[in-house]
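Heads up: the structure comes next, in C-alpha cells.
The values are calculated or read from the model by the stated rules, or taken from the named source; none is laboratory data. Here the structure is a predicted model, which is why all the values come from computation and not from measurement. Virtual Cβ from ideal backbone geometry, glycine too; neighbours counted across all protein chains shown. All accessible areas refer to the heavy atoms of the entire protein, side chains included, with ligands and DNA or RNA removed. Shrake-Rupley method; radii C 1.70, N 1.55, O 1.52, S 1.80 Å.
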Amino acid sequence: MSDRLAARQARRAREFEAFVAGAAGRLLHAATLLTAEAPDANPRARRLLTHALAHTYARWDRLHGEDPYDCARQFLAGRFARATWHQYGAFGRARTDPRSPLAALAPQERLILVLRLYEGVAEQQTAALLGLPIERVHTVCDRATATMLHPARPTAPRAVGTKVAPS
C-alpha cells in the first residue's frame, strides 16, 4: 500500500470519527424517539444508528460537499420506515415502551414528528423523503402534535352493576 493511500485512509478515518463524535448522540436520540424505546434501554435504536453510520461511512468518499449528517438522517428515517412497514404492516402498531415520550403515537406519526419538529426538516423535504404528499405530512404532523399536547385521559373503571345517571 502506498504512503499516499495510507494517508488518505487515515484522514478519512479521522474525519469520520470526528463526525461520529459530533453527531452520534443526536442521531441516537432521534432513533430512540423513532423506535419509542426507553432512553436507557434502546437496542433497536442503537441497531438503527449503527446501520445509518455504516451506510454513511460507506458513502463517505462520495459525499462531495454533501452534509454527512443529512445522509445519515435520511438513511435512518428510510430504514425505520421500511423496517416498520415490513415488520408490522403499513405502519402498524409496534411494541413501545410506556416510558418513551412518543409511545402514544403510531410509527408514521413518530417518524414525521421527529423529522419535522426534532430534526427541523421542511415539509417538502419530509414528503419527498417518505414519498408522501405534502398535505399528508402536514396533516399527520398536526395530528401527532395534538396527540402529544392533549393526551387521552384514561377512563376510570366503573364498578360492575352501577348505572350511569342519564344526562
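Inclusion of L34 among residues that are without any contact (Cβ under 8 Å) to a residue 12 or more places away in the chain, open to solvent by less than 30 Å² (accessible area, probe 1.4 Å) and of a type outside the set (S, T, Y) is not warranted.
Cβ separations smaller than 7 Å between residues 6+ apart or across chains give the following pairs from the range 4-24 residues that are within 16 Å of R62 (Cβ to Cβ) to residues that are open to solvent by 70 Å² or more (accessible area, probe 1.4 Å) and of a type outside the set (F, W, Y): R12/D61. The C-beta contact set for the range 109-137 (first residue aliphatic (A, V, I, L, M), second residue not in a helix (DSSP H, G or I), distance under 6 angstrom, 6+ apart or interchain) comprises L115/V121. Suppose we keep only residues that are of a type in the set (D, E, K, R) and farther than 18 Å from T32 by Cβ within the range 109-139. Which one would you say is farthest from the chain's Cα centre (by Cα)? Per the stated criteria, the residue is E135. Annotation: of all residues in the range 37-85 being among the polar types (S, T, N, Q) and buried (at least 17 other Cβ atoms within 10 Å of the Cβ), the one that is nearest to the chain's Cα centre (by Cα) is Q74.
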